[in-house]
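Following: one structure in structure tokens, then a few remarks.
The values are calculated or read from the model by the stated rules, or taken from the named source; none is laboratory data. Given the structure is predicted, the values throughout are model-derived calculations rather than measurements. Neighbour counts are summed over all protein chains in view; Cβ atoms, including those assigned to glycine, are modelled from backbone coordinates with ideal geometry. For the accessible areas, the whole protein counts, side chains as well, though only heavy atoms, and no ligand, DNA or RNA atoms are used. Shrake-Rupley method; radii C 1.70, N 1.55, O 1.52, S 1.80 Å.
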Amino acid sequence: GKWRITGNTGEHFAVGFGGTTTGRRANLIIIDDPYASRQAAESQAEQKAVIQFFRSTLYSRRQKNCAIVIIMQLWNQKDLVGWLRQVTNPNDPEYIPDFPPVKYVLLAALALPNDPLGRAEGKALWPAFQDENELKSVAAVLGPYYWQSQYQQAPTETEGNVFKRYWFPVV
């Protein structure tokens, strides 16, 4: 959709990921949950499509000094933010020299050390919605793989980050 406020020069223009932005320019681009589900975020085809849309369509719509804000949970290490982390890390083989700087604000459900909001470690992000006890119950139901990505913003590889499952055949 598109809307304006009478008496002002700006407008809001919204499209779904992959939608048409031809002829549009932006002073601010907000990407809110580019993946519809975990299944989509873990699909290599979806990962490629989202990254391609970001690179080839959205990024070229920026006006001078345009900010891009991405709001999403980190599903896995190959989603849009995972890709941005790779290409902006000089120690990563996917590093792209001269890539513009990216600032990450990680808001874990249970605060981690050096929380950007100043919360003490282990404190809930939104205690009126889910306090620490409720979040611990959620973690128990989800298990580490889903909890770490969906709530703590620290996705792990499905086969493990250090030891790969396929290294250990069942004998």
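Things worth noting here:
- Computed on the range 41-157, with alpha-carbon pairs under 8 angstrom and 6+ residues apart, the relative contact order is 24 percent.
- Cα shape, the range 38-80, gyration tensor, a/c 1.5 rule: oblate
- Cα gyration tensor category, rounded, prolate or oblate, for the range 47-120 with a/c compared to 1.5: prolate
- Shape of the range 61-103, Cα gyration tensor, a/c cut at 1.5: oblate
- Between Phe13 and Val102, the modelled label-to-label distance comes to 2.5 nm, taking each label 7 Å out from Cα in the direction of the beta carbon.
- Using alpha-carbon coordinates, inclination of helix 44-53 to the longest axis of the chain, degrees: 30
- Computed from Cα atoms, the angle from the helix 132-150 axis to the main principal axis of the chain rounds to 80 degrees.
- Computed over protein heavy atoms with a 1.4 Å probe, the carbon and sulfur contribution to the accessible area of the range 35-171 reaches 55%.
- Rounded Å value of the spacing that divides the Cα centres of the range 1-34 and the range 55-97: 19
- Average accessible area per residue (Å²) across the chain - probe 1.4 Å, nucleic acids and ligands excluded: 69
- A probe of 1.4 angstrom, applied to the heavy atoms of all protein chains, finds Ile68 with accessible area near 50 square angstrom.
- Lys136 contributes about 120 Å² of solvent-accessible surface, heavy atoms of the protein only, 1.4 Å probe.
- For the range 1-125, the share of DSSP beta bridges that are antiparallel, to the nearest 5, is 40%.
- With a threshold of 32 Å on the Cα-Cα distance, the over-threshold entries among Lys78/Lys136; Lys48/Lys123; Lys2/Lys123; Lys2/Lys64 are Lys48/Lys123; Lys2/Lys123.
- Between Asp131 and Asn89, the FRET efficiency estimated from the beta carbon spacing at R0 = 35 angstrom works out to 0.50.
- Using R0 = 41 Å, the C-beta based FRET efficiency linking Arg61 and Val171 works out to 0.15.
- Cα-based equivalent ellipsoid, the chain: semi-axes from gyration tensor eigenvalues, Å: 32, 23, 16
- Taking every protein chain into account, the 1.4 Å probe leaves Trp3 with about 140 Å² of accessible area, to the nearest ten.
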